[in-house]
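The structure appears right after this line, and notes come after that.
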Amino acid sequence: MRVPMTPEGYQSLKEELERLISTERPAVIKAIAEARAHGDLSENAEYHAAREKQSFIEGRIQELQSKIAAADVIDPSKINQKKVAFGARVKVYDHNSEEEFDFMLVGPDETNVKEGKISITSPVGKALIGKEVGDTVIVKAPARTIQYEIIEINFA
């Protein structure tokens, strides 16, 4: 199954994979070798910590390779629409809190709430898809029902 991803998100995954393979993996292999040199492995905390870290790194490498292989890179700047779609930057007005929020609709692997990047598969993302400026969307979140008015859509 192909997973939509922005060029920036794809590049970020590739950079993390490269760092893990070229830097992190060799460093942990060296740490394991050094810990082995200290003798009795059954009571060697450094050895067990290094092996655990190696397991995490190898798992993350496999996960990143899978995500990169499944990525369907979509450049939002090539999309010129009046409706909310993948890669759109959407400014909304929350009628309940009387605040404005900026969201960017991204793939599930790029989600970062602190940066305003929300997944197209999230409740807010699903509610916004296909809407136009001036439309009102209602999002049923676990804590409350949210009413957003779409103020602006940008694909830059």
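Laboratory data are not the source of any read-out in this text; all were calculated from the coordinates shown. Keep in mind it's a predicted model, so treat the numbers as computed, not measured. Glycine gets a Cβ as well: all are built from the backbone with ideal geometry, and neighbour counts include every protein chain shown.
Fewest neighbouring Cβ atoms within 10 Å first, the residues 93, 148 line up as 93, 148.
Calculated mean residue ellipticity, 222 nm, the chain: -12000 deg cm²/dmol, from DSSP H runs (n ≥ 4) at -39500 (n - 2.57) each, averaged per residue and rounded to 500.
The Cα atoms of the stretch 3-73 cover 49, 17, 13 Å along the three principal axes, with the biggest extent listed first. Each principal axis of the Cα cloud of the chain was evaluated for its coordinate range; sorted largest first, these ranges are 69, 35, 24 Å. Here the stretch 76-154 is treated as an ellipsoid with the same Cα gyration tensor; its semi-axes, largest first and in whole Å, are 18, 15, 11. Of the complete DSSP H runs in the chain, those spanning 20 angstrom or more by Cα along the long axis with a mean Kyte-Doolittle score not below -1.0 are 45-70. When the chain is treated as a GNM with alpha-carbon contacts under 10 Å, the residue of 101, 56, 86 showing the greatest mean-square fluctuation is 56.
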